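J.: Mind having a look at this structure? Questions to follow.
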Amino acid sequence: MKISGIGKYAYFAASETDLEFGELIVGGGSSLKHPTDKEFILRNRSLVRASFQIVPVETDHEPVFFFSPLRGVIPPEASVPITVKYTPLSPGTFTCDTFRIQTPGGHHATLSCRGKAIGPRVSLWKKNLASNLIKANSLNFKDVQVGIMSTRVLVLKNESNVAARFNFMAAPCGVFGIDKVAGVVPPLLDMSITLTFCPENAGNFYRRLFILVQNHSTIYVDILGTGYDNEIRPSPFQQAHVDAYRLRCQHHW
């Protein structure tokens, strides 16, 4: 009696070798333009069952790409869809990870996943003399009599599809006051912040307000005002004076 056989090893191929996720907002959801999930097909081209496992090549950082399923068995000459989810962690980071899809028989395929994490788009606006909104990096209360309170409105505009938490690095009370020190700007909306200026004595007043926004770089606005009374009326105070002073400090003039 003669017994013979032919050994077969598993051989499979992936429909994609590169997955490009583009730019995604940290903590944001999926959209048609910027999906968080992508799919590829893993095909078993052999005549035997093929078990597979997906492992990362680099393991020195926190994972941001997740596979479902991560392992499994593919019947002969069949295929299975695999979903890859991108969950960015830190805004401003670009990630390119390589993964190995391997079988116990030694065959493997590689897949590269790329994506860039960004934060929400938040900007500062104010109203000009025509009551139109313009971008603001400075807010000038101009001349205000001592003991009289003047108000201005600063608008925080959120141009992204994820809520933006903010916090002013300032106390709510003082010569310059803020009605909302912290809060949340809803997606694709804006929030008005009322600022007050009430000088207790005559003089020029200046303060740079820093605003911390979650998953966003720090933004700021310069606040200026001049207090006067019947005896003292200081010279007009403009943003150009502040810029010139900071330039001299920067270059040690």
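J.: Checking Asn161 against (1) modelled with pLDDT of 90 or more; (2) touching a Gly at 6+ places or on another chain (Cβ under 7 Å); (3) assigned to a loop (DSSP other than H, G, I, E, B); (4) not aliphatic (A, V, I, L, M): exactly one of these is not met. Which one?
T.: (1) is the only condition that Asn161 fails.
J.: Let me ask another. Suppose we keep only residues that are more than 30 Å from His34 (Cα to Cα) and β-branched (Val, Ile, Thr) within the range 119-152. Which one would you say is surrounded by the most Cβ atoms within 10 Å (Cβ to Cβ)?
T.: Here the residue is Val144.
J.: Restricting to the range 215-234, give me the number of residues that are buried (at least 16 other Cβ atoms within 10 Å of the Cβ) and more than 19 Å from Gly119 (Cβ to Cβ).
T.: 7
J.: With the requirement that a residue be surrounded by fewer than 16 Cβ atoms within 10 Å (Cβ to Cβ) and closer than 13 Å to Phe141 by Cα, what does the range 181-202 give you?
T.: Thr194
J.: Something else now. Quickly run through the range 61-81 and pick out the residues that are more than 30 Å from Val162 (Cα to Cα) and surrounded by 15 or more Cβ atoms within 10 Å (Cβ to Cβ).
T.: Ile74, Ser79, Val80, listed by residue number.
J.: Looking at (1) under 18 Å from the mean Cα position of the chain (by Cα); (2) without any contact (Cβ under 8 Å) to a residue 24 or more places away in the chain, which is the only condition Arg71 fails?
T.: The number of the failed condition is (1).
J.: Could we say that Leu24 is among the hydrophobic types (A, V, I, L, M, F, W, C), farther than 14 Å from Ser112 by Cα and not in a strand (DSSP E or B) here?
T.: Considered against the rule, which asks whether it is among the hydrophobic types (A, V, I, L, M, F, W, C), farther than 14 Å from Ser112 by Cα and not in a strand (DSSP E or B), Leu24 comes out as no.
J.: Inside the range 213-233, can you point out the residues that are assigned to a strand (DSSP E or B) and either under 22 Å from Leu133 (Cα atoms) or outside the structural domain of Ser131 (by the TED database) (or both)?
T.: Listed by number, the residues that qualify are Val213, Ile219, Tyr220, Val221, Asp222, Ile223, Leu224, Gly225.
J.: Same structure, new question: Is there a residue being among the aromatic types (Phe, Trp, Tyr) and either without any contact (Cβ under 8 Å) to a residue 60 or more places away in the chain or more than 30 Å from Gly28 (Cβ to Cβ) (or both) anywhere in the range 217-224?
T.: Within the range 217-224, none of the residues are among the aromatic types (Phe, Trp, Tyr) and either without any contact (Cβ under 8 Å) to a residue 60 or more places away in the chain or more than 30 Å from Gly28 (Cβ to Cβ) (or both).
J.: Among the residues of the range 82-107, which ones are of a type outside the set (S, T, N, Q) and surrounded by 15 or more Cβ atoms within 10 Å (Cβ to Cβ)?
T.: Once the filter is applied, which keeps residues that are of a type outside the set (S, T, N, Q) and surrounded by 15 or more Cβ atoms within 10 Å (Cβ to Cβ), the range 82-107 yields Ile82, Val84, Lys85, Tyr86, Pro88, Pro91, Asp97, Phe99, Ile101, Gly105, His107.
J.: Under 7 Å between Cβ atoms, which residue pairs at least 6 apart in sequence (or on different chains) link something in the range 34-49 that is in a strand (DSSP E or B) with a partner that is polar (S, T, N, Q) and at pLDDT 90 or above?
T.: Between residues of the range 34-49 that are in a strand (DSSP E or B) and residues that are polar (S, T, N, Q) and at pLDDT 90 or above, the close pairs are Asp37/Thr83; Glu39/Thr83; Phe40/Ser15; Ile41/Ser15; Ile41/Ser79; Leu42/Ser79; Arg43/Ser79; Asn44/Ser79.
J.: Further question: Under the condition of being within 26 Å of Phe205 (Cα to Cα) and touching a residue at least 12 places away in the same chain (Cβ under 8 Å), which residue from the range 156-173 is farthest from the chain's Cα centre (by Cα)?
T.: Ala170
J.: Hey, any hits in the range 11-18 for a residue that's acidic (Asp, Glu) and under 30 Å from Pro187 (Cα atoms)?
T.: no
J.: Working only within the range 211-253, note down all residues that are in contact with a Lys or Arg (Cβ under 8 Å, 6 or more places away or on another chain) and among the β-branched types (Val, Ile, Thr).
T.: Val213, Val221, Ile223, Thr226
J.: Of the numbered conditions (1) more than 27 Å from Pro91 (Cβ to Cβ); (2) surrounded by fewer than 17 Cβ atoms within 10 Å (Cβ to Cβ); (3) in contact with a strand residue (DSSP E or B) (Cβ under 8 Å, 6 or more places away or on another chain), Arg208 satisfies every one except a single condition; which is it?
T.: (1)
The values are calculated or read from the model by the stated rules, or taken from the named source; none is laboratory data. Keep in mind that this is a model prediction, so the values were computed, not measured. Glycine also receives a Cβ, built like all others from the backbone with ideal geometry; neighbour counts cover every protein chain displayed.
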